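Take a look at the structure below.
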Amino acid sequence: MRKLLPALALLLLLMAQDYEKPQPALWVEVHDLSPGYNTEEVERLLQLLEGRAERVVLFVIPDRDGTEPISRYAGFLSFLKEAAAGGAEIGAHGYTHRGFEFLTSGERAEALVSEIRREFRAAGFEPRIFSPPRYLLTPSALQVLSREFQEVFLIGRIVTHGGSLPYPSREFTPGRMQKLFMPLAKLSLLTTGGEVYRLSVHMAYLNNESLRFLEDFISWAGFEAGKSCTVGQELLQEARRMEPPGDVRGVKRNAYALLYAANMYTATREDRYLAMAHTHASYLLERQLAEGGWREVEGETTSSYSLLETAVATWALSQAYTAGAISGMDVERSILRAGDALLRRTELLTSFGYSFGLKPNAIGFAALALERVSRAAQEMGDARRAERYRRKAVEIGDGLVRMQLENGAWYDGPYRLPGHRWRSISSWYQGMALSGVVAAYAASEPGERLKFLESARKGIAFIRTMRHDGGYWGVLHPNRTRSGDGSVMVLQALAIANSFGVRAGCDGLKSTASRVGNWDANYAFAVSQLLATQKGAGKRY
């Protein structure tokens with residue numbers, strides 16, 4: 001007891017001071033949803049979490065007590081669909097939730113999963129996440145569930161196909177005497193060592209008092225899912241100012257002009273951007289090589305890697321296609337040929353490793369292009385190709401995470417020999433590598449995403465250390481001297497991050513605008529991407 005009192009006193013002192021709180025991502029899970037509960041409190045909770053939680057999972061009981069099959073309750077299903085459209089994930093929470101359903105054999109667990117699937121399909125859902133009632137299950141049941149579901153939420157961890165995530169669940173909402181639980185909740189955050197803070201709420205205890213408690217705690221903790229860029233009319237005017245000239249030459253420049261046209265069509269729905277997209281897409285299609293890729297032509301020699309040209313052109317055509325700015329069989333054939341060509345080239349990365357032979361810029365844009373072409377292939381109905389492209393994007397993103405330095409940067413140079421220190425760090429390479437990581441984040445399954453999100457956050461944090469006098473240095477040397485201006489590339493990288501849901505704001509938009517006079521391909525894309533993302537932004541948890 002004598003040792004405990006000084007520890008408690010120290011804790012209270014720390015809490016009374018302006019103590020620097022950890023800033024993990026907030027994951028919230030709501031248990032026991034079923035038609036018998038009023039969803040009004042859940043709706044209020046979702047409003048509270050908007051913009052604050054990175055992830056919200058609603059664990060639904062498919063047939064509570066064997067008397068409430070969700071497929072028969074249209075109002076409840078309407079609520080679930082609206083919540084899913086807003087960004088919440090729908091998970092399965094047992095079958096009837098009676099007793100200890102999954103303290104059972106593997107054979108019985110398989111039968112229960114079949115019933116769960118049947119009821120959810122009748123309701124129009126296909127859950128990928130599962131949590132057993134009361135978190136209890138046998139090892140054999142866990143083996144079945146981890147095979148049938150992508151994630152199994154337990155009280156101390158989350159089991160995924162790739163292993164186990166050490167994220168314990170915390171719950172401080174009994175629904176009454178809530179003030180007594182605030183010190184415990186604050187202590188749990190102050191002692192959090194991981195990148196995720198997992199908070200659980202049960203429907204039986206979700207009421208006015210617990211909602212007020214959650215609002216106070218979340219506000220104190222400073223949870224924030226990220227800030228988006230909302231410049232409004234000013235952003236539209238700046239995007240229109242950057243309209244490309246009539247005669248654009250070079251593969252990369254036409255690819256960026258196509259991206260600009262597609263983004264502007266998304267944002268404004270003006271037909272003139274369709275004509276612009278057709279012009280730049282035709283340029284790329286005419287110069288596509290027989291094997292499906294591109295090499296730089298007509299005097300543009302800004303990159304020594306043909307991989308980069310193929311990646312940027314594939315990215316542009318795919319994004320324009322999914323935006324509805326270009327269409328047709330010729331376009332579809334070109335996109336799939338480009339995706340196959342990019343896949344063949346990136347296979348070499350698997351053979352030789354990601355930290356040898358290629359700089360992180362080319363690798364980053366390869367991941368970005370593969371994620372985009374995966375979406376295009378899926379839209380064409382080619383699920384097999386889409387999956388191959390998607391998995392390769394995730395694999396390349398994994399390589400980029402391994403290439404990242406401890407300070408969050410990516411090294412500038414193709415080789416990392418033993419004892420060799422990176423020469424310098426440029427915003428160009430940081431931005432393109434960051435783009436690949438956020439693309440891998442979007443392409444990965446929920447259970448795989450955390451490493452990419454953490455990598456992206458570190459990358460964004462490092463990029464901001466390069467800011468000086470309103471702009472960003474192009475190169476940061478090992479002796480901390482700076483040279484060049486990389487503001488345009490940083491703005492592009494943050495625009496890409498925003499488009500994939502990693503909200504990075506629009507740092508440097510005004511200062512970069514003052515530096516860019518005439519049309520600039522990267523800048524034109526960046527402002528149009530911010531505009532398109534803002535136009536299409538909805539709720540996100």
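The values are calculated or read from the model by the stated rules, or taken from the named source; none is laboratory data. The model shown is predicted, which means the values in this text are computed figures rather than measured ones. Here the Cβ positions follow ideal geometry from the backbone for every residue, glycine too, while neighbour counts run over all protein chains shown.
In the set (1) modelled with pLDDT of 95 or more; (2) surrounded by fewer than 19 Cβ atoms within 10 Å (Cβ to Cβ); (3) small (Gly, Ala, Ser), residue 34 fails one condition alone, (2). Residue count for segment 487-540 satisfying the condition of being farther than 23 Å from residue 53 by Cβ, touching a helix residue (DSSP H, G or I) at 6+ places or on another chain (Cβ under 9 Å) and of a type in the set (Gly, Ala, Ser): 11. Among the residues of this structure, residue 157 counts as one that is in the same structural domain as residue 59 (by TED's automatic domain parsing), free of Cβ contacts under 8 Å to residues at least 12 places away in the same chain and charged (D, E, K, R). Checked against the criterion of being in the same structural domain as residue 157 (by TED's automatic domain parsing), without any contact (Cβ under 8 Å) to a residue 60 or more places away in the chain and either hydroxyl-bearing (Ser, Thr, Tyr) or in a helix (DSSP H, G or I) (or both), the candidates 80, 48, 58 yield just one match: 80.
Take residue 453 and tell me if it is in the same structural domain as residue 395 (by TED's automatic domain parsing), over 28 Å from residue 149 (Cα atoms) and touching a helix residue (DSSP H, G or I) at 6+ places or on another chain (Cβ under 8 Å). Considered against the rule, which asks whether it is in the same structural domain as residue 395 (by TED's automatic domain parsing), over 28 Å from residue 149 (Cα atoms) and touching a helix residue (DSSP H, G or I) at 6+ places or on another chain (Cβ under 8 Å), residue 453 comes out as no. Taken across segment 472-482, residues that are farther than 18 Å from residue 424 by Cβ, at pLDDT 85 or above and surrounded by fewer than 24 Cβ atoms within 10 Å (Cβ to Cβ) do not occur at all. Evaluating residue 252 against the criteria (1) under 21 Å from residue 511 (Cα atoms); (2) modelled with pLDDT under 95 leaves one unmet condition, (1). Is it the case that residue 53 is of a type in the set (A, V, I, L, M), at pLDDT below 90 and part of a helix (DSSP H, G or I)? It is false that residue 53 is of a type in the set (A, V, I, L, M), at pLDDT below 90 and part of a helix (DSSP H, G or I). For segment 101-152, the set of residues classified as basic (Lys, Arg), outside any loop (DSSP other than H, G, I, E, B) and either touching a Pro at 6+ places or on another chain (Cβ under 8 Å) or within 24 Å of residue 79 (Cα to Cα) (or both) consists of 117, 118, 121, listed by residue number.
The helices (runs of 4 or more DSSP H) falling completely within segment 425-541 that include 2 or more residues that are under 11 Å from the mean Cα position of the chain (by Cα) map to 427-443, 449-465, 487-499. Restrict the check to segment 178-189 and report whether at least one residue is under 21 Å from residue 91 (Cβ atoms), touching a residue at least 12 places away in the same chain (Cβ under 8 Å), crowded, with 19+ Cβ neighbours inside 10 Å and not aromatic (Phe, Trp, Tyr). The answer is no; no qualifying residue exists.
When residue 456 is tested against (1) at pLDDT 90 or above; (2) surrounded by fewer than 20 Cβ atoms within 10 Å (Cβ to Cβ); (3) within 19 Å of residue 506 (Cβ to Cβ), only condition (2) is not met.
Scanning segment 121-137 for residues that are under 24 Å from residue 201 (Cα atoms) and more than 26 Å from the chain's Cα centre (by Cα) returns 123, 132, 133, 134, 135, 136, 137. Name the residues in segment 190-214 that are surrounded by fewer than 20 Cβ atoms within 10 Å (Cβ to Cβ) and part of a loop (DSSP other than H, G, I, E, B), would you? Result: 191, 192, 193, 194, 195, 207. Kindly establish whether residue 146 is of a type in the set (S, T, N, Q), surrounded by fewer than 18 Cβ atoms within 10 Å (Cβ to Cβ) and in contact with a strand residue (DSSP E or B) (Cβ under 9 Å, 6 or more places away or on another chain). Against the criterion (of a type in the set (S, T, N, Q), surrounded by fewer than 18 Cβ atoms within 10 Å (Cβ to Cβ) and in contact with a strand residue (DSSP E or B) (Cβ under 9 Å, 6 or more places away or on another chain)), residue 146 qualifies.
Kindly provide the set of residues from segment 112-158 that are among the polar types (S, T, N, Q) and closer than 25 Å to residue 195 by Cβ, ordered by number. Residues satisfying the conditions are 131, 146, 150.
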